Amino acid sequence: MNDPSLKIMNRSFGILNKRRSTLLEDERTLDLKERVKKIREYSVEHLSTLLEKARKTLENNGIEVIMAHDAEEAREAIYQLVKNEETVAKSKSNTAGEIQLTEYLKEHDVNVLETDLGDRIVQFHQSNPTHPIGPACHLDMEIIAKLVSEEFKKEIEAEPRAILDVVKSDIIEKISQCRVGITGANSVAAEDGSLLMVHNEGNISLLTLLDLHIVVVGVDKLVPTLEDAVSVVKLETIYATGKTVPAYMNVVSSPSKTADIEQIILNDMYGAKRVVVVFLDNGRTEAIQEKKECLWCIGCGACIVNCPVYTTLGPEFGYLRHLGGRGVVLSRYIHDNDVCFNSGLFKCTLCGQCTLECPMEIPVNLMLEELREESVKERIYPEKHGKIKNNLQKRRSPFNPDEK
Ligand code: SF4
């Protein structure tokens, strides 16, 4: 990532740090944190039972369930559902980013309309999102105004309202021509068969009204009840934005229906006629065996805001939309040690700041240390480390005067 973008990103992180500083110490936040920690630990421990339960309750509620073992299966399942569409509308989703859904659909002639303002701007910029909740926080207003002006071929003032109005009316116009909405879910309540999504812009509410609503979500988002799901997203909101609640929480528990005429249930009222949820495993079951703490994550992004490596390198430290050290850990289970190495396994300073910042206290540094050991056993390590090792073996010193 270039220097100006890093500066803008770190400035945004500074504002976020300031906004949430007192809220994080609030007694209600501390209580909520303890509660959510227990929910996440329990959920990861009982993931297979919750998944089985969710499958049954969702299907009983009229939601179709697809299990995807890996990214390829998830992409293909979604493509089969949308292959006759010219454009599908999509909200911000780390899971969709993980399976590179937008790129895949584009390659197969299905356009993807990003409906989140930040994601839409990043789509214009053709860069990577830099924060799970604020994807465009590496771009300043002048850059955004220039991008939007180029996109719409007219001069847009570098003023937030002017930018927003232009992008918004274009997105609304385009959504009105879409039949399919694709979203993620922030939490899934297994016992109730409910999908919970949070957002501030109102775009997800619009997408749930399209004919087909596809929800792509990692299996790690399962919790037992809807009350648990609400607790998780409340804490996520506090840590991600510094606000106590998001503007919207959408709960989807079935396709649209009414029983207003003699209690006869009729589907297809205002909302989606069909809801399909795609549960993605993609290495998560394997991660539970070895690094279950990695799945406690609630997706708030707190771990990257003060990480010395992320704030220096940006999204090249991490794996796709799983940013920072925790993303590096996950990449080992989504792929292998090679991908983990390339995601930044040896870039981490092991300082542990992310664990201090994380509301779930995920011990990212310890996990990365263990993964380094494993990686070295597979002979995957930085070239310089190899040279140092050779020097030590040959000269009993890490240095070689012949090497520049
Ligand atoms: S331990 Fe690694 S990932 Fe965590 S804050 Fe430090 S440098 Fe970042």
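Mind listing just one residue for me: the one in segment 78-132 that is hydroxyl-bearing (Ser, Thr, Tyr) and without any contact (Cβ under 8 Å) to a residue 40 or more places away in the chain and, of those, farthest from residue 215 (Cα to Cα)? Working first, answer last.
Here is the first cut: in segment 78-132, the residues hydroxyl-bearing (Ser, Thr, Tyr) are 79, 87, 91, 93, 95, 102, 104, 115, 127, 130.
If we keep only those that are without any contact (Cβ under 8 Å) to a residue 40 or more places away in the chain as well, we get 79, 102, 104.
Working: 79: 13, 102: 14, 104: 17 Å.
Checked segment 78-132; the qualifying residue farthest from residue 215 (Cα to Cα) is 104.
Going by the conditions given, is residue 109 out of contact with any Ser or Thr (no Cβ under 9 Å at 6 or more places or on another chain), at pLDDT 95 or above and on the phi > 0 side of the Ramachandran plot? Reasoning before the result, please.
Values: out of contact with any Ser or Thr (no Cβ under 9 Å at 6 or more places or on another chain): yes; at pLDDT 95 or above: yes; on the phi > 0 side of the Ramachandran plot: yes.
Against the criterion (out of contact with any Ser or Thr (no Cβ under 9 Å at 6 or more places or on another chain), at pLDDT 95 or above and on the phi > 0 side of the Ramachandran plot), residue 109 qualifies.
For residues in segment 345-357 being open to solvent by less than 40 Å² (accessible area, probe 1.4 Å) and near the ligand (Cβ under 9 Å from one of its atoms), which is nearest to residue 385 (Cα to Cα)?
348
If I filter segment 292-303 for residues that are farther than 28 Å from residue 137 by Cβ and either within 16 Å of the ligand (Cβ to nearest atom) or among the β-branched types (Val, Ile, Thr) (or both), do I get at least one hit?
no
Filter segment 285-302 down to residues that are part of a helix (DSSP H, G or I) and either assigned by TED's automatic domain parsing to the domain that holds residue 220 or of a type in the set (A, V, I, L, M) (or both), then give me how many there are.
From segment 285-302, those part of a helix (DSSP H, G or I) are 285-296, 302; that's our starting set.
Retained after the next criterion (residues that are either assigned by TED's automatic domain parsing to the domain that holds residue 220 or of a type in the set (A, V, I, L, M) (or both)): 287-288, 295, 302.
Residues meeting the conditions: 4.
Could you list, in sequence order, the residues of segment 318-344 that are assigned to a helix (DSSP H, G or I), in contact with a helix residue (DSSP H, G or I) (Cβ under 7 Å, 6 or more places away or on another chain), more than 8 Å from the ligand (Cβ to nearest atom) and over 19 Å from residue 285 (Cα atoms)?
341, 343
For residue 332, state whether it is more than 18 Å from residue 236 (Cβ to Cβ), outside the structural domain of residue 92 (by TED's automatic domain parsing), surrounded by 23 or more Cβ atoms within 10 Å (Cβ to Cβ) and of a type in the set (Lys, Arg).
yes
Just give me the residues in segment 246-277 being outside any strand (DSSP E or B), open to solvent by 80 Å² or more (accessible area, probe 1.4 Å) and either under 30 Å from residue 20 (Cβ atoms) or among the hydroxyl-bearing types (Ser, Thr, Tyr) (or both), in sequence order.
Residue satisfying the conditions is 270 alone.
Of all residues in segment 358-371, which are within 13 Å of the ligand (Cβ to nearest atom) and not in a helix (DSSP H, G or I)?
358, 361, 362, 363
Would you please list the contacts, defined by Cβ atoms under 8 Å and residues six or more apart or on different chains, that run from a residue in segment 302-319 that is without any contact (Cβ under 8 Å) to a residue 60 or more places away in the chain to a residue that is in a helix (DSSP H, G or I) and of a type in the set (Lys, Arg)?
These pairs meet every condition: 318/326.
The values are calculated or read from the model by the stated rules, or taken from the named source; none is laboratory data. Not measured: the values here are computed from a predicted model. For neighbour counting, all protein chains shown are included, and Cβ atoms are generated from backbone atoms with ideal geometry for every residue, glycine included. The area values use the complete protein model at the heavy-atom level, side chains included, leaving out ligands, DNA and RNA. Shrake-Rupley method; radii C 1.70, N 1.55, O 1.52, S 1.80 Å.
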